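The values are calculated or read from the model by the stated rules, or taken from the named source; none is laboratory data. The model shown is predicted, which means the values in this text are computed figures rather than measured ones. So basically every Cβ, Gly included, is an ideal-geometry build from the backbone, and we count neighbours across all protein chains shown. Accessible surface areas use protein heavy atoms only, side chains included; no ligands, DNA or RNA. Shrake-Rupley method; radii C 1.70, N 1.55, O 1.52, S 1.80 Å.
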Amino acid sequence: MKYQNIIRLILHLLCWLPLVRLIIDWQRDDLTANPIEFLTHSTGTWALVILLASLTITPLRKIRAFNWTIKLRKMLGLYAYFYVCLHFAIYIWLDHFFDWARIGEDIAKRPYITVGFAAFLMLVPLALTSNKFSIRKLTGKRWQQLHWLVYPAAICGVVHYYWLVKADITEPMIYAVALAVLLGIRIFYKLKPQQRSPREYKPDLQPSD
Ligand code: HEM
């Protein structure tokens, strides 16, 4: 088995692990004294971790020309979206029991929920268009323009976390610095004069099924 496929398999397992652990903890009735908060925090944290992991692919390819890693970007993006959906579903179902009026009020009035919801809304079209059909339909340029939304979505995810913590901002700051570095590398390469050989350069237009 090629090492790329082994890495891909390991990443699949790592992305399923948080959910499997939550299910095992649930089965064992071991979701802490406040299961809803625990589930919300776990799914939110993994959504952010995997979203940032998906943003490491482009810099990785630039620095070490690991072109094949493009295949991992869509996979990580969809897993991040999956955990955001779980996170939001827990909020709608377990936390607010489909009280749409209260949910609407929450989204409108609580800034950290507003910015979290904004991040969610920006991730929806990205997940829906992560396939070859959408690239063909949208054309490469417009698809890339649409997928630019991942940046404000990630920023909103970090701000969401930063605004919700009461006292200790250490963890949200770690995510903020990580995101700043990932965006900084992109800006550096955008501003750096391009000296690429035609063989090395591959436009990242493939959702890679
Ligand atoms: C649909 C919109 C969203 C809603 C309604 C929502 C709601 C929440 C709530 C209620 C909490 C717990 C707050 C508390 O403990 O007081 C939370 C925590 C969190 N959310 Fe969200 N969220 C949303 C979207 C997102 C997105 C898109 C991300 C990441 C990309 C995210 C990442 C997090 C993180 C990292 C935490 C904190 C986890 C921790 O404390 O360990 N959320 N969210």
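Output the qualifying pairs, or none if there are none: Cβ atoms under 6 angstrom, residues six or more apart or on different chains, first residue in the stretch 165-179 and in contact (Cβ under 8 Å) with a residue 12 or more places away in the chain, second residue within 11 Å of the ligand (Cβ to nearest atom) and of a type in the set (A, V, I, L, M, F, W, C).
Pro172/Val165; Tyr175/Leu48; Tyr175/Val158; Ala176/Val158; Ala178/Leu52; Leu179/Ala154; Leu179/Val158
Among (1) more than 25 Å from Ala176 (Cα to Cα); (2) within 14 Å of the ligand (Cβ to nearest atom); (3) surrounded by fewer than 13 Cβ atoms within 10 Å (Cβ to Cβ); (4) not charged (D, E, K, R), which single condition is Ile103 missing?
(3)
Go through (1) without any contact (Cβ under 8 Å) to a residue 60 or more places away in the chain; (2) open to solvent by 40 Å² or more (accessible area, probe 1.4 Å) for Gln144 and report which single condition fails.
(1)
Checking Ser130 against (1) closer than 20 Å to Phe82 by Cβ; (2) of a type outside the set (Val, Ile, Thr); (3) open to solvent by 40 Å² or more (accessible area, probe 1.4 Å); (4) away from the ligand (no atom under 12 Å from the Cβ), only one condition comes out false. Which one?
The number of the failed condition is (3).
Quick check on Thr56: is it more than 12 Å from the ligand (Cβ to nearest atom) and open to solvent by less than 30 Å² (accessible area, probe 1.4 Å)?
Numbers: more than 12 Å from the ligand (Cβ to nearest atom): yes; open to solvent by less than 30 Å² (accessible area, probe 1.4 Å): no.
No, not satisfied.
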